[in-house]
1. Using a basic spin-label model with each label point 7 Å from the Cα along Cα→Cβ, how many nm lie between LEU78 and LEU141?
2. Just to be sure I understand the model, the point goes 7 Å from the Cα along the line to the Cβ. What's the resulting VAL27 to SER231 distance in nm?
3. Return the FRET efficiency for the residue pair TYR49, TYR210: r is the Cβ-Cβ distance, R0 is 30 Å, and the value is rounded to the nearest 0.05.
Amino acid sequence: MKYHLVAFLTVAIWGSTFVFTKMLLQVGLSPAQIFTFRFIIAYVLLLAYSIGLNGLSRTSGVGGGHFRWFCRSWRDELLMVALGITGGSLYFLTENAAMLFTTATNTSLIVCSCPLFAMLLFAVFFPQSEKVARIQALGSLIAFLGMAVVVLNGHFVLHLSPLGDLLAFGACLCWAVYSLLIKPASERYPSLFITRKVFIYGLLTIIPYYILVPSEASIFTTSPFHLFTFSTILNLLFLGVVASMLCYLTWNWVIAKLGPVVATNWVYFNPITTILFAWWLLNERITLWFLLGSALILLGMYLADKKNETSL
């Protein structure tokens with residue numbers, strides 16, 4: 001239960017980040033710039049913590065020598081690069097760009113369907129170690145239905161936008177692949193090391209975007225003091241420290257403990273926490289559709305955590 005509680009809290013925090021991101025967009029920061037700042041904050045703090053922890057271990061004579069800059073092999077290093085792309089730069093770019101061409105409903109519905117694609121990927125690439133029982137597949141489908149009910153909120157009309165929907169689907173596949181790649185990485189390296197590598201490679205792989213769109217990089221070469229008010233700094237700290245550093249650590253840890261199939265299904269809770277947060281801070285109304293969809297998600301999550309002898 002404690003692993004499920006940590007997964008829920010992680011997704012709940014991620015569901016609340018739309019408010020802080022929206023506030024940063026309103027003061028003039030772009031989605032790519034927000035991503036860069038939050039990953040810089042997360043990486044610097046995590047690096048300092050890793051070095052400090054290693055030094056403390058050496059001083060106390062317990063452990064020590066655990067800090068490392070690179071993986072044990074170049075193949076593992078490439079795996080970390082892939083994690084930085086799928087869980088960092090490419091994921092955030094495709095998700096945020098999708099919002100420019102399609103509706104928030106379409107984006108949320110497509111991106112939050114990633115547990116279904118993750119389940120299929122696990123069944124294909126890890127048929128022995130990550131068997132998917134039929135009751136788990138049924139639970140995931142029920143949870144997906146509940147998530148769709150929550151997102152659509154009684155308005156069962158989708159406005160198709162090929163480019164925007166394709167970008168949202170790209171973000172969905174990025175997170176599904178990220179969850180797939182975390183499995184072999186967590187078997188060889190601790191969560192702290194993996195998370196630190198995700199941040200640095202996420203930052204490095206966003207550089208080509210700034211080269212292609214130089215106007216986005218102007219904020220890093222000028223003096224944008226007018227942007228950095230007290231509230232802006234607080235928002236960036238929340239996104240960097242809590243939503244990035246802490247949540248990526250806990251998410252990678254939860255996947256290692258619960259398994260990728262069960263852990264990834266918690267993504268279905270993202271719209272629930274977003275709506276609850278909007279109800280709390282923005283006084284948005286809770287509807288009967290929201291309650292029905294939430295009940296379906298809870299039922300689906302309960303079934304997805306079960307196992308039987310018949311697998312897909």
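1. Rounded to a tenth, the inter-label distance reads 3.7 nm.
2. The answer from the label model is 0.9 nm.
3. The formula returns an efficiency of 0.65 here.
A short reminder: the numbers here are calculations on the coordinates, not readings from a lab. Predicted, not measured: the structure shown is a model, and the values here were computed from it. Virtual Cβ from ideal backbone geometry, glycine too; neighbours counted across all protein chains shown.
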